[in-house]
Amino acid sequence: MDPIFLYFLAGGLAGGFLCGLSGFGAGLVTLPIVLFVASPLLAAQLAALAGIASQIQAISALRYGLHWRQLLPIVLAGVIGIAIALWLIPPLPIDLFKFGVGCILIAYSLFALALPENWRFTKRHPIGNLVAGLLGGMAGGIAGIPGPPVIMWAAVQSWSATEKRTLIQVFNLVTLSAMLIISAAQDRLDPAFAWTAPTMLPATIAGAILGVAAFRRLNDRRYQQLVIVLLLIAGITMVIPT
């Protein structure tokens with residue numbers, strides 16, 4: 001097997017497992033791995049595909065946590081953010097984007113680790129939801145990783161692990177799907193996407209199945225701690241030059 005294919009398999013498997021376990025992270029893991037052998041455009045699109053495949057695989061486990069009245073505003077804001085990024089924002093250097101996002105993740109994770117466990121928002125904040133959704137959509141349109149703003153916002157809410165995970169998964173699924181659909185409509189899909197995607201998908205799905213099985217062993221507190229630690233690790237890996 002061509003060693004290049006191993007990067008796609010490793011990126012898909014690792015991204016799928018992390019997403020199945022935590023409800024996010026497919027793109028955060030897949031993107032830096034695939035960037036070793038792929039262009040920034042292809043890496044972003046494969047990161048989006050890994051996120052979609054992982055969310056579809058795992059979303060059935062959360063069907064009872066779906067509350068569309070709460071989900072719809074933030075999801076719609078995310079789609080608007082995707083459109084803004086793809087149509088209005090000029091392409092950003094992927095290394096610069098990764099470094100910026102990585103610094104934000106590290107700063108937030110350290111803040112969250114120092115935050116008392118009993119400090120969380122107890123009321124709903126519609127404006128915060130919209131801002132998090134808009135920023136997440138813009139990040140998804142630029143690099144195929146819409147999760148960080150929404151994950152950080154959800155982490156400081158007093159919601160259950162299932163509510164947080166459901167919001168993150170539905171948001172990622174819708175925004176990443178919109179990103180690929182709009183890119184295809186604009187004829188902006190990388191030519192190599194057609195043959196790299198089938199290579200990566202089976203590994204992504206297998207990883208997601210294993211991750212969901214691991215998630216069922218977590219309680220709310222462990223889930224919260226896991227999310228913060230994973231964000232810190234993701235931030236560190238994103239600021240390291242590839």
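The values are calculated or read from the model by the stated rules, or taken from the named source; none is laboratory data. Predicted model, so just to flag it, every value in this text is computed and none were measured. Cβ placement follows ideal geometry from the backbone for every residue including glycine, while neighbour counts extend to all protein chains displayed.
Note on region 36-69: among residues that are modelled with pLDDT under 80 and part of a loop (DSSP other than H, G, I, E, B), the one that is farthest from PRO191 (Cα to Cα) is HIS67. Of the residues making up region 105-151, just one is among the polar types (S, T, N, Q) and modelled with pLDDT of 80 or more, namely ASN129.
For region 176-191, filtering for residues that are within 14 Å of ALA47 (Cα to Cα) and either small (Gly, Ala, Ser) or in contact with a strand residue (DSSP E or B) (Cβ under 9 Å, 6 or more places away or on another chain) (or both) leaves 3. Please verify whether THR204 is touching a Phe, Trp or Tyr at 6+ places or on another chain (Cβ under 6 Å), part of a helix (DSSP H, G or I) and touching a residue at least 24 places away in the same chain (Cβ under 8 Å), treating the condition exactly as stated. The answer is no for THR204. Of the residues making up region 166-192, those that are within 13 Å of ILE52 (Cβ to Cβ) and in contact (Cβ under 8 Å) with a residue 24 or more places away in the chain number 13. Scanning region 179-205 for residues that are at pLDDT 85 or above, crowded, with 17+ Cβ neighbours inside 10 Å and among the hydrophobic types (A, V, I, L, M, F, W, C) yields LEU180, PHE193, ALA197, MET200, LEU201, ALA203, ILE205.
Taken over region 207-242, the criterion of being polar (S, T, N, Q), touching a residue at least 40 places away in the same chain (Cβ under 8 Å) and either touching a His at 6+ places or on another chain (Cβ under 9 Å) or farther than 28 Å from PHE36 by Cα (or both) is satisfied by ASN219, GLN224.
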